[in-house]
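Let me begin by presenting the structure, written as structure tokens, before commenting on it.
The values are calculated or read from the model by the stated rules, or taken from the named source; none is laboratory data. No experiment lies behind these values; they were computed from the predicted model shown. So basically every Cβ, Gly included, is an ideal-geometry build from the backbone, and we count neighbours across all protein chains shown.
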Amino acid sequence: MPDWKNKSDYDYINRLNFDVKAWEFLRRNNKYRREWDKYNSREINKKSRQSSEKLATKWHLEQLIDYRDDNPRLCWNFKSKAPTITDTDSKYLQRKPQYIAIGFDLTLKISAQINLAKLKMERLRKHLEKEGLITLYNTSNSFKGNLVYLRLLDAKLEKTTLDKIIKHFMKESEETDYDRVLERVRKQLKTARKIRNEDYIKLLAKY
């Protein structure tokens, strides 16, 4: 893991594909780390592999991966049992290629299905755009703040106090207004935790 106090340690993030960027956030999730440690402490057998697959599905992975792995063989799980309608002849789609209908299973966790549905729509949209069937209003693939978000997550993993984080960033940027930096860092930490805990899956839609 890079040293959060050294900004240049994070330059490599800008060169990563979005699926690897998603991994960079997930590997900093304490719940994921605990599940890996618990799984890794078991004897590897057929039963434990099945357990790994079950646990991995929750994180949108095919298999659990060691969070210390800087170059993992990533296999994201995009499987969904919910029906998807893309046939423009369907009465639901009004013969418009930009329309899509996706079903949901109300007996399963809704938020996970919504994330998968978003991912499916992003991938279909890219395909339709490539085929010239639709024109996007916004094709930006930017994901702002990757570096500072990861630095803040790493600082908190080291149990660095908020005060020390703020003073470090003030020194780095030569800012003098403590309260202004405090407000900014709090907002950035909130966003960083949201990406780490759930929104990392959205990075995959850009892959």
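So here's what we get for this one:
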quantity	calculated
The stretch 156-207, subset within 23 Å of residue 115 (Cβ to Cβ) and polar (S, T, N, Q), residue farthest from the chain's Cα centre (by Cα)	188
Complete set of residues in the stretch 152-169 that are over 16 Å from residue 7 (Cα atoms) and part of a helix (DSSP H, G or I)	157, 162, 163
Matching residues in the stretch 1-23 - criterion: being of a type outside the set (S, T, N, Q) and not in a helix (DSSP H, G or I)	1, 2, 3, 4, 5, 16
Residue in the stretch 92-113 that is modelled with the highest pLDDT, counting only those that are under 16 Å from residue 199 (Cβ atoms) and surrounded by 13 or more Cβ atoms within 10 Å (Cβ to Cβ)	113
Within the stretch 11-43, considering residues that are of a type in the set (Ser, Thr, Tyr) and in contact (Cβ under 8 Å) with a residue 24 or more places away in the chain, the one surrounded by the most Cβ atoms within 10 Å (Cβ to Cβ)	32
Which numbered condition residue 175 misses (of (1) over 27 Å from residue 31 (Cβ atoms); (2) in contact with a strand residue (DSSP E or B) (Cβ under 9 Å, 6 or more places away or on another chain))	(2)
Some residue of the stretch 70-84 being at pLDDT 85 or above and over 25 Å from residue 122 (Cα atoms)	yes
